[in-house]
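Colleague: First the structure, which I've put down as structure tokens, then a few questions once you've had a look.
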Amino acid sequence: MTNSLRVRLLWWLLVPLAIYVFVTGKAAYDNARHTADLVQENTLLASARMIAGEVEWSDGRLLVDIPPAALEVFASPQGDQVFYNVSVDDGRLLAGVPDFPTRDAAGHDAPDYYDADLHGKPIRAVGFVRQMYDNGAIRRVLVSVGKTQASRDAMVRELWRPQLVRQIEMVLLAVALACIGLTFELRPLLKVKKEVMDRDPMQLEPLRVERLHTELRPIVDAINQCIARLGLQVAAQRRFIADAAHQLRTPLTLLETQLQFARQHRAMEPSLNETLAAMQRSNRSMVGLTNKLLLLAQAEAADYAQLARQKVDLAAIAQDVIEDLAMFAQKREIDLGAELVESAWIIGHEGLLSALVYNVVENAIRYTQPGGHVTVAVMRDAQRVTLTVIDDGPGIPAEARSRVFEPFYRASADTEGTGLGLAIAKEIVQAHRGQIVLAQREHPDRGVVVTVRFTHLS
Ligand SMILES: Nc1ncnc2c1ncn2[C@@H]1O[C@H](COP(=O)(O)OP(=O)(O)O)[C@@H](O)[C@H]1O
Ligand SMILES: [Mg+2]
């Protein structure tokens, strides 16, 4: 069946109505037939009685004189043919057509109605018996009258047709009204559609549709919820761009000042050298920030379904990161230790997972005071692979802990950084359907424990 609401509703209306019209039409037809048959039989009987009334004895013989009125009762515009037959039980024909299909329901005097054929035409007939007495003799005279069916069929049609026509008209009217009604009632839906289509892309207010049907409310509510979520997303992205621009502006402004200084002090070579070194630092910090922004974008776009084709060993990745950061740890006088299982296979993207481990371990080294300890561990059991990075640094205050995963949020303004490291880490963990938890150690030492869990591919 088609998917048009209009057509489907019309079917729901039309099928029961058609059944109703059929059933009542059939009943009306049966009724009309019954009535027409009664009328016809009454006329047949009246005619037969009239003829029977004219049968009389004359000189010991039975005679009949057919009264014209007996046949006139059948006069009709349909011009039905009427036949009769008057015969005595000794076989003598008193009047009428000899080959009339008589039927003597012997034994009782009630009129006998029946259908028969005469000269190839179907007729309805009545047989009526009259007993005639004379000098102790009893004769049974059978008067049969029959007529063709044209006027009776016409009567059935007259009784039945108007009723049928009225009902069909009613059905057509109902269908027309339903079509018009649906067109009217579907208007709010079209209005919702227009509202949605006409919006410009950044218009994020909820839809307002007046006089909406109760049935349509949930749809509009769902659309509005979707718009609200979109609004939050857009706001977060705007904030992100503003923050990123702000972060880039600082090194760019510095670079500008440094360039100006270099041009003014071309002659003084030592200071020029210093300026160039400062410019290089600014530039490096911009390159670093840009790289992190790119990594964040890459992590946000990563899709588990796509990653699912690659298998990586998290223990090997952690080993490589520890080797990369060994110099940095040494410079900061941090004792960097490792407890790694020989292999820990998970599904994932090697580059992204490497960036995740790097960011977490680098934080631990960067924010722990010289002489501190950082331990990187990769463990596995049947279901899970767990990475923990533990340090004995100052830790993170409770109010900051809930925000460290936000982009650009930094709890330590005195060290250099972008505030993107943990945001990137979280995106990467989410892309791999893992969990990341950052907890504070209280006793016996202070410090931070970062725990990351993934599904183990055994
Ligand atoms: N191991 C840690 N010990 C103490 N503070 C930490 C640690 N890891 C992260 N932080 C705090 O969380 C903040 C956010 O970290 P991150 O997102 O990596 O940004 P960034 O390191 O660039 O500042 C840091 O500024 C720091 O204050
Ligand atoms: Mg960091």
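Colleague: GluC sites (Glu not before Pro), restricted to region 292-369: which are DSSP loop and have at most 16 other Cβ atoms within 10 Å?
Modeller: On the way: sites: Glu300, Glu323, Glu333, Glu339, Glu342, Glu350, Glu362; in loops: Glu333, Glu342.
Sparse-neighbourhood loop GluC sites (Glu not before Pro): Glu333, Glu342.
Colleague: Which value, in debye to the nearest 20, describes the size of the charge dipole of region 5-157 about its Cα centre when Lys and Arg Cβ atoms bear +1, Asp and Glu Cβ atoms bear -1, and nothing else is charged?
Modeller: In debye, rounded to 20, region 5-157 gives about 1000.
Colleague: Leaving out ligands, DNA and RNA, what percent of the accessible area of region 326-387 is carbon and sulfur, probe 1.4 Å?
Modeller: C and S fraction of accessible area: 51 percent.
Colleague: Run through region 309-377 and list the trypsin sites (Lys or Arg not before Pro) located in a DSSP loop whose Cβ has at most 11 other Cβ atoms within 10 Å.
Modeller: Values: sites: Arg309, Lys311, Lys331, Arg332, Arg366; in loops: Arg309, Arg332.
Those that pass, being in a loop and sparsely packed, are Arg309.
Colleague: Using square roots of five times the C-alpha gyration tensor eigenvalues, list the equivalent-ellipsoid semi-axes of the chain in whole Å, biggest first.
Modeller: Working: eigenvalues 2664, 153, 50 Å².
Largest first, the chain gives 115, 28, 16 Å.
Colleague: So if I place +1 on the C-beta of Lys and Arg and -1 on the C-beta of Asp and Glu, and nothing else carries charge, what would the dipole magnitude of region 304-455 be about its Cα centre? I want it in debye, nearest 20.
Modeller: Numbers: 15 positive and 20 negative charges, 116 e Å.
Rounded to the nearest 20 debye, it is 560 debye.
Colleague: Once the Cα atoms of helix 217-264 and of the chain are each reduced to a long axis, what angle between those two axes, in degrees from 0 to 90 to the nearest 10, is obtained?
Modeller: For 217-264 against the chain, the angle is about 20 degrees.
Colleague: Excluding residues on the same chain fewer than 8 positions from Lys311, give the lysines whose Cα lies under 26 Å from its Cα.
Modeller: The reachable lysines, counting only those whose Cα sits under 26 Å from Lys311, are Lys292, Lys426.
Colleague: Treating cross-link reach as a plain straight distance, find the lysines whose alpha-carbon is under 25 Å from the alpha-carbon of Lys26, omitting any fewer than eight places away in the same chain.
Modeller: Hits, sequence-local ones excluded: zero.
Colleague: Given Cβ point charges of +1 (Lys, Arg) and -1 (Asp, Glu) and nothing else, what value in debye, to the nearest 20, does the dipole of the chain about its Cα centre take?
Modeller: Magnitude of the dipole: close to 1220 debye.
Colleague: Using amide H atoms built 1.01 Å from N in the peptide plane, name the residues 5+ places from Gly348, or on other chains, whose amide H lies under 5 Å from its own.
Modeller: Gln310, Lys311, Val312
Colleague: Another one. Rounded to whole Hz and in sequence order, give me ³J(HN,Hα) for region 417-426 from the Karplus expression 6.51 cos²θ - 1.76 cosθ + 1.60, θ = phi - 60°, writing x for Gly and Pro.
Modeller: Once θ is set to phi - 60°, the couplings for region 417-426 become x, 10, x, 9, x, 6, 4, 5, 4, 5 Hz.
Colleague: Now for a separate question. Taking Lys331 as the anchor, which aspartates and glutamates have their alpha carbon closer than 15 Å to its alpha carbon, excluding any fewer than eight residues away along the same chain?
Modeller: Qualifying aspartates and glutamates at Cα under 15 Å: Glu323, Glu362.
Colleague: Now for a different question. Mind running the shape call on region 5-157? Use the C-alpha gyration tensor, a ≥ b ≥ c as the square roots of the eigenvalues: rounded below 1.5 for a/c, prolate if a/b tops b/c, oblate otherwise.
Modeller: It is prolate, given that a/c is not under 1.5 and a/b is the larger ratio.
The values are calculated or read from the model by the stated rules, or taken from the named source; none is laboratory data. Predicted model only: the values in this text are computed from it and were never measured. Cβ: placed from backbone, ideal geometry, glycine included. Neighbour counts: every protein chain shown. The protein model used for the area step is the full one, side chains on, heavy atoms only, and it has no ligands, DNA or RNA in it. Shrake-Rupley method; radii C 1.70, N 1.55, O 1.52, S 1.80 Å.
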